[in-house]
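Notes follow once the structure below has been shown.
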Amino acid sequence: MIGIDIIDIERFTKLSQEDFSHWNSVFTQSEWDYGFNASNPARALAGIFSAKESVMKSVGDELMKQFSRIQVSHEANGKPIIEIDGKKQDNIHVSISHDSNMAVAVAIQI
């Protein structure tokens with residue numbers, strides 16, 4: 001299955017690192033830290049959010065709106081890695097891209 005999501009980065013521009021308690025049902029602490037260590041936190045967090053949405057769409061009903069079950073991390077080269085319920089998903093491949101004010105992600109479950 002394939003899932004795709006696109007989101008306006010502007011939605012994330014007003015977030016501050018101290019807002020985590022309001023977003024901890026969407027982002028893990030690791031994702032939040034990754035975002036705020038990036039040169040453009042809004043861009044990074046929008047990409048992670050979009051990746052999670054695309055994974056939900058590719059997996060289906062079992063994961064819909066269950067952000068907390070999905071973890072997006074990155075290899076040293078930037079490649080996104082997906083974990084569900086703490087287990088690496090070698091059968092789910094994700095690509096995240098950004099352009100001006102939009103972030104998009106595609107997930108393919110093989």
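Would you mind calculating the relative contact order of the chain from Cα pairs under 8 angstrom and at least 6 residues apart, reporting the percent as a whole number?
Reported relative contact order: 36 percent.
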Scanning the chain for trypsin sites (Lys or Arg not before Pro) in DSSP loops with at most 15 other Cβ atoms within 10 Å, what's the longest stretch left with none? 15-64
Which GluC sites (Glu not before Pro) in the range 27-79 sit in a loop by DSSP (not H, G, I, E or B) and have at most 15 other Cβ atoms within 10 Å of their own Cβ? Glu75
Quick check for me: using +1 on Lys/Arg Cβ and -1 on Asp/Glu Cβ, what's the dipole size of the range 2-109 about its Cα centre, in debye to the nearest 20? 60 debye
Across all directions of projection, what mean area in square nanometres is found for the Cα convex hull of the chain? 6.4 nm²
Tally Lys and Arg at +1 and Asp and Glu at -1 over the other residues with C-beta under 14 Å from the C-beta of Val94: what net charge comes out? -2
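Given a Förster distance of 35 angstrom, what is the FRET efficiency for Gln17 paired with Asn91, based on the Cβ-Cβ distance and rounded to 0.05? Numbers along the way, then the final one.
Numbers: r = 33 Å, r/R0 = 0.95.
With R0 = 35 Å, the Cβ-Cβ based efficiency is 0.60.
The numbers here are math on the coordinates, done by the rules we state, and not lab data. What you see is a predicted model, and the numbers here were worked out from it, not measured in a lab. Positions of Cβ are backbone-derived with ideal geometry, glycine not excepted, and every protein chain shown enters the neighbour counts.
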